[in-house]
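Undergrad: A single structure is presented below for examination.
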Amino acid sequence: MSLTVKLQVFEGPLDLLLHLIEKNKVDIYDIPIVLITDQYLEYIRNMKEENLDIMSEFLVMAATLLDIKCRMLLPKEINEEGEEEDPRAELVRNLIEYKMYKYMSYELKDMHMDAGRTLFKAPTMPREIEEYEQPIDYEQLIGDMDLARLNQIFKSMMKRQVDKIDPIRSKFGRIEKDEVSLEDKTAYVEDYIRKHRKFGFRDLLEKQNSKMDLVVTFLVILEMMKLGQIMIVQEALFDDIMITSKMAA
């Protein structure tokens, strides 16, 4: 009466080696090469695999194990740093890397199975809620900023414009400029805000060429703050007022 032995199917030689190590409960960093080699050879002797490609992989590993087994019997080799080389080192690295990817594949499989049990619901948000826009809280928007502080900086910029006037050349004559257009200045300020996103109020005013430019620019900033298009913050008293854009880029 013959005894039929059913062998476990392994994905490759490293899978078989990992199984033997776990089965014998040995340290993967200190593999008993003689024991593992004997058990490995016993397994492939009982294999009835017709696929030569798969069989060749197991035979190559068998030859590697026999080579390691022979090198373990010989005197230890010394590397360039004067340390003894372990013939099992490369095999251990391959096993650890294989084990890491194997368990990662288990994690991905579990995630795939969990994802298959996930159901998604189509959006059913009422149109009134989708179109709702939260009203602007001007008190929160302005914070501790008030018109007195804005006026203080505005007066400071006006004084600087006066200080820029040459007392000698200013008497030679005056070239009248066209009236500043509120629409043009609004477009200019909006373009400046889009380019800078966050800047100092003082920086903006210093780029103006005349008192009229300053006045109109100041009015545009107040209007944009009222409409909630910008946010104004001053960290401390007498600090520059920082303007942050809330407009779409």
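Undergrad: Apply 1/(1 + (r/R0)^6) to the Cβ-Cβ distance of SER181 and GLU130, taking R0 = 45 Å, and write down the FRET efficiency to the nearest 0.05.
TA: For SER181 and GLU130, the calculated efficiency is 0.70.
Undergrad: Among MET100, MET61, MET231, MET125, which comes first, second and so on when ranked by fewest other beta-carbon atoms within 10 Å?
TA: By the 10 Å Cβ count, ascending, the order reads MET125, MET100, MET231, MET61.
Undergrad: Greater than 20 Å separation of Cα atoms is the criterion. Which listed pairs, LYS159/LYS246; LYS25/LYS76; LYS195/LYS246; LYS76/LYS99; LYS198/LYS226, meet it?
TA: Those over the limit are LYS159/LYS246; LYS25/LYS76; LYS76/LYS99.
Undergrad: A further question on this structure: When Lys and Arg each count +1 and Asp and Glu each count -1, what net charge do the other residues less than 14 Å away from ASP86, Cβ to Cβ, add up to?
TA: -4
Bear in mind that the values in this text are calculations on the coordinates, not laboratory data. What you are looking at is a predicted structure, and each value in this text was computed from that prediction instead of being measured. Backbone-built Cβ (ideal geometry, glycine too); neighbour counts: all protein chains shown.
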